There are 2 protein chains.
Amino acid sequence: MNRTQLIDQIRSKRSFLCIGLDSDRTKIPEHLLMEADPVLAFNQAIIDATRDLCVSYKLNTAFYEAEGASGWVTMQKTLEYIGSDHLVIADAKRGDIGNTSDQYARAFFEKMSFHAITIAPYMGSDSVKPFLKWQDKWAIVLGLTSNEGAADFELQPSGDERLYERVLRTSSTWGTPENMMFVVGATRADSFVDVRKIVPDHFLLVPGVGAQGGSLSDVYRYGKNSDIGLLVNVSRAVIYASAGADFVEQARGVAMTYQQEMNALMGSF
Amino acid sequence: MNRTQLIDQIRSKRSFLCIGLDSDRTKIPEHLLMEADPVLAFNQAIIDATRDLCVSYKLNTAFYEAEGASGWVTMQKTLEYIGSDHLVIADAKRGDIGNTSDQYARAFFEKMSFHAITIAPYMGSDSVKPFLKWQDKWAIVLGLTSNEGAADFELQPSGDERLYERVLRTSSTWGTPENMMFVVGATRADSFVDVRKIVPDHFLLVPGVGAQGGSLSDVYRYGKNSDIGLLVNVSRAVIYASAGADFVEQARGVAMTYQQEMNALMGSF
C-alpha cells in the first residue's frame, strides 16, 4: 500500500485509527477456546466488527511467537482475512546487520504479505536500509516510544539534541516519506512539536492512546500534518473492551468512539 | 544453563567458540535440498561435526522466519537436536514494552528451550527486565555491534560518554553477570578496553570474527576476564566452509582451527 492509497483510506473512512491485534490467548473470551484456532477466531471477529472504522491493523509478533510455529500460522491467516484494503503492520521491532535484515524483510514482506514493519534503530543504517528496497512497503523506525524505559536512552542527550531526535534526523535521510514512518508515543504529546520540526512530512505511528493513557486530541493538535500524517494505534482498549459474549459489540463501540473523535478532529480534510 | 556450567564447558572443551547456525536455504549444499527439511538436515550435520569443539550454538531467527511457520519448526527441532550441553542462543534482537517483552520471553524461554536471547536496548529498562526473571536464562544486550551502522548511533556521544557505553553502564544495573551478557563486535577490538572498564565481570558475545574480519587474538587480549568471559561467534566461515559434498569435513576443519587457537590462547586456564 503506498502513501496515496493510505491517505485515500483516511479520507474516505474519516479515520486514522490503527487497531492493534495483540491477541493473547489467555485474555480472549473463554467461549472462543473451543475453536480450532481461538486467536484466529478472535481476530476475525474483531476485524469484522471494526473493518469500516480503521485504516490499519497492527499485529504485534510477540503475541504470536509465544504460541510457537502455530502462532505464525495464525498470523498468516489473520493477514489473509484482513485482505488488501488496510495497511497491515508487523509490529516486530526487528533490525540486524544488512544480510540479516534482508532475511527479515523477506519474512515479513514476501513470505507474509505485511505492508510495513517496525524497526529498532540501535544498529544504524545497514539494519534499516534493507527494508526500504521494497515497492509500496514501509519501514517504521522507532523514534520516541510510549514506555517508561524511553527515559533510559531515547531521551538522553546525544550531542546537542536527544537520542530520539538524532535517530529521526539521521534515519529520515535513508528513505523518504513514501517508504518510512516513525513511532512516536502519545504519552509524550508535547514532543510532537519537536518531532515535526525534524520530520514534517512523514507519517507517524502513534501508540499509547487507550490503555497507556495518551490523549488523542493532543496527538492530533501537535502531531498532524497536511496529509493528517498520523496512524493512532489502540490495542487493548479496543480488543479487550469486554471479555464476555458481547466482546464484538463492545470492541466496535470503543473503535467507533475513536473514529467519531477522529472525524470531528479532521474537520474539512 | 548457569554461569558455572558455562565456565565448566569452556574449561573442559578448551573452547569459547559459539557457532552461528544462520542457515540460509539458498546457500546450503544442493544435495540436501532433497531432504524433507533441508535446513534441519544441514544443521544436524554441522552440529554432529562441531559438537565437541564449541560451547554454544546461536540461531539467528531471521533465517528461520524467512521460511515462515515451517522455519519455526526447524528452529525447534534444531534445538532438540543440540540438547542441553551447549548454551543455545536465540539471536533475535527483540525488545518491546514490558507486557510484550514478557511474551517474547515466553516464546524463547518456555515455548522453545533457548538459554539466552539477544535484546536491542533502544526502548530501555522495561524492554529488557522481563527477560531477567527466568532462572538460568540470559538476556544478551546489544552493546557495540560489528556492523558499519554502529557509527550512526552506538558510537555517537551521549553526555560525556558514547551511547554504547551508556547502554552497558545503565543496563548492567538491571541484572547481574549471572543473567546478562553483552554483544561487543570483534571488528572494534580496541573498544574492549573501554568495555571492560564498565562491565569487567560479564560474559561478552562477540560476533565479527570470520566473514566480518575481526581478530580472535585481539579479542582475547583485550576482552578476556578471569573466567574467560567471552563467547566468540563464528557463523558463515564455519557453516559455509564448503558448499560441496565435503561441507561437514570443511566445517569441522574451520571450527577446529578456531578451537585450537582458543586452546593456545587460554594457556593454563
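The values are calculated or read from the model by the stated rules, or taken from the named source; none is laboratory data. Because the structure is predicted, anything quoted here is derived from the model rather than measured. Note that each Cβ is placed from the backbone with ideal geometry, even for glycine, and that neighbours are counted across all protein chains shown.
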Being under 27 Å from B:Q5 (Cβ atoms) and in contact with a Ser or Thr (Cβ under 6 Å, 6 or more places away or on another chain) is the filter here, so list the residues in segment B:21-52 that pass it.
B:D22, B:L40, B:N43
Applying the selection to segment A:120-164, what residues are farther than 23 Å from A:T4 by Cβ and assigned to a strand (DSSP E or B)?
A:L142, A:G143, A:L144, A:P157, A:S158, A:E161, A:R162
Out of all the residues in segment A:6-59, which are among the polar types (S, T, N, Q) and either free of Cβ contacts under 8 Å to residues at least 60 places away in the same chain or touching an Asp or Glu at 6+ places or on another chain (Cβ under 6 Å) (or both)?
A:S12, A:T26, A:N43, A:Q44
From (1) surrounded by fewer than 18 Cβ atoms within 10 Å (Cβ to Cβ); (2) within 13 Å of another protein chain (Cβ to nearest Cβ); (3) more than 30 Å from B:D160 (Cα to Cα); (4) among the charged types (D, E, K, R), pick out the condition that doesn't hold for A:R106.
(1)
Check on A:R162, crowded, with 18+ Cβ neighbours inside 10 Å and farther than 23 Å from B:V183 by Cβ:
yes
Is it true that some residue in segment A:167-177 is over 18 Å from B:G149 (Cβ atoms) and in contact with a strand residue (DSSP E or B) (Cβ under 8 Å, 6 or more places away or on another chain)?
yes
Evaluate segment A:77-91: report whether one residue or more is at the interface with chain B (Cβ under 9 Å from one of its Cβ atoms) and buried (at least 24 other Cβ atoms within 10 Å of the Cβ).
yes
Tell me which residues, restricted to segment A:159-181, are closer than 18 Å to B:M123 by Cα and more than 14 Å from every other protein chain (Cβ to nearest Cβ).
A:M181
Of all the residues that make up segment B:244-269, how many are at negative phi, without any contact (Cβ under 8 Å) to a residue 60 or more places away in the chain and either of a type outside the set (A, V, I, L, M, F, W, C) or loosely packed, with under 13 Cβ neighbours inside 10 Å (or both)?
8
Counting only helices (runs of 4 or more DSSP H) entirely within segment A:1-82, those with at least 2 residues that are under 16 Å from A:R252 (Cβ atoms) are A:38-50
Can you tell me which residues in segment A:131-151 are under 25 Å from B:P207 (Cβ atoms), more than 7 Å from chain B (Cβ to nearest Cβ) and in contact with a strand residue (DSSP E or B) (Cβ under 9 Å, 6 or more places away or on another chain)?
A:F131, A:L132, A:A139, A:V141
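Against the definition (touching a Phe, Trp or Tyr at 6+ places or on another chain (Cβ under 9 Å), surrounded by 24 or more Cβ atoms within 10 Å (Cβ to Cβ) and either over 14 Å from A:V234 (Cβ atoms) or among the aliphatic types (A, V, I, L, M) (or both)), how does A:L17 come out, yes or no?
Details: touching a Phe, Trp or Tyr at 6+ places or on another chain (Cβ under 9 Å): yes; surrounded by 24 or more Cβ atoms within 10 Å (Cβ to Cβ): yes; either over 14 Å from A:V234 (Cβ atoms) or among the aliphatic types (A, V, I, L, M) (or both): yes.
So A:L17 fits the description; yes.
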Looking at B:S191, is it more than 9 Å from chain A (Cβ to nearest Cβ) and not hydrophobic (A, V, I, L, M, F, W, C)?
yes
Regarding B:T170, is this residue part of a helix (DSSP H, G or I) and modelled with pLDDT under 95?
no
May I ask you to list the residues in segment A:48-67 that are farther than 21 Å from A:V206 by Cβ and of a type outside the set (D, E, K, R)?
A:A49, A:Y64, A:A66
